[in-house]
Amino acid sequence: MCVVCERGRRRRFVRGDNLELLHGAVAQLVEHHDGIVGVARSNRVSSTKSIRGFTLGGFVAGEGCFSVSRLSRPTARIESRRRFVFAVEVNERDRSLLEDLRGFIRFGSIRSRPSRSVAWQPTCVYEVNSIKGHLLGTIPFAERYLLPCAKREAFVRWRNQLIAYVEQYNVRSTRGPSRCSQEGCGDVVRGRGLCRRHYYRATGW
């Protein structure tokens, strides 16, 4: 019996009520009668969110993937560019799970993939690949709801690489669009760390 139920049991015992009734759903009625559940009611929303979060964390532990890939084109500021991706791929019929995960993390997108073989069924994949999405969505979610397992170890290695990458190159994530790397130019970047004008001078188009 939990502490709350035990307290309710003792209160009813002092008043001389029948203790044999204090089990299961009846115990919950006693708690309500004694005002005990009034304290728990204030945490009902956060408790529901935690349960949902850990459920989705278990889903990610089984189906999620944290990957890092190298981009072929460097920029004027970043010589070795990286692409950090968090993805979950499931059968198309389980798309609702991905939609729930997307709503919980609040970043990323879901897209369908045709079957790659006649014997296979079509799938859908949820993917987050932006630095901002990882810093504000993926990492806080995984740090809190991904329980100790092999997938969490993979996440920790992936997270450490991402944070080191952001710090090394001062990658912009939530501070608005990047600016041209040419000294004295503050125009928005078009490509390769350069604005439209300097990009044209460097490439000819």
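Scan the stretch 171-181 and tell me whether some residue there is over 13 Å from I78 (Cβ atoms), surrounded by 12 or more Cβ atoms within 10 Å (Cβ to Cβ) and modelled with pLDDT of 75 or more.
Yes, that holds for at least one residue.
So which residues in the stretch 100-112 are out of contact with any helix residue (DSSP H, G or I) (no Cβ under 9 Å at 6 or more places or on another chain) and surrounded by 13 or more Cβ atoms within 10 Å (Cβ to Cβ), if there are any at all?
Scanning the stretch 100-112 gives a single hit, R102.
Out of contact with any Gly (no Cβ under 6 Å at 6 or more places or on another chain) and in contact (Cβ under 8 Å) with a residue 40 or more places away in the chain: is that true of N160 in this structure?
The answer is no for N160.
Take S115 and tell me if it is assigned to a strand (DSSP E or B) and surrounded by fewer than 16 Cβ atoms within 10 Å (Cβ to Cβ).
Against the criterion (assigned to a strand (DSSP E or B) and surrounded by fewer than 16 Cβ atoms within 10 Å (Cβ to Cβ)), S115 does not qualify.
Residue by residue, here is whether (1) closer than 30 Å to R201 by Cβ; (2) at pLDDT 95 or above holds:
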residue	(1), (2)
D17	no, no
A25	no, no
S46	no, no
I78	yes, no
L97	no, yes
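Would it be correct to say that A164 is in a helix (DSSP H, G or I), modelled with pLDDT of 90 or more and closer than 16 Å to R81 by Cβ?
In short, yes.
Being over 29 Å from D94 (Cα atoms), crowded, with 16+ Cβ neighbours inside 10 Å and in the same structural domain as G64 (by TED's automatic domain parsing): is that true of L162 here?
Yes: the conditions hold for L162.
Results for (1) more than 15 Å from the chain's Cα centre (by Cα); (2) in a strand (DSSP E or B), shown as yes or no for each residue.
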site: G53; (1), (2): no, no
site: G58; (1), (2): no, no
site: G62; (1), (2): no, no
site: C65; (1), (2): no, yes
site: V68; (1), (2): yes, yes
site: R73; (1), (2): yes, no
site: S80; (1), (2): yes, no
site: F86; (1), (2): no, yes
site: D94; (1), (2): yes, no
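Mind checking which residues of the stretch 134-149 are in a helix (DSSP H, G or I) and in contact (Cβ under 8 Å) with a residue 40 or more places away in the chain?
Once the filter is applied, which keeps residues that are in a helix (DSSP H, G or I) and in contact (Cβ under 8 Å) with a residue 40 or more places away in the chain, the stretch 134-149 yields H134, T138, F141, A142, R144, Y145.
The values are calculated or read from the model by the stated rules, or taken from the named source; none is laboratory data. Values in this document were obtained by computation on a predicted structure and should not be read as measured data. Cβ atoms come from the backbone with ideal geometry, glycine included; neighbour counts cover every protein chain shown.
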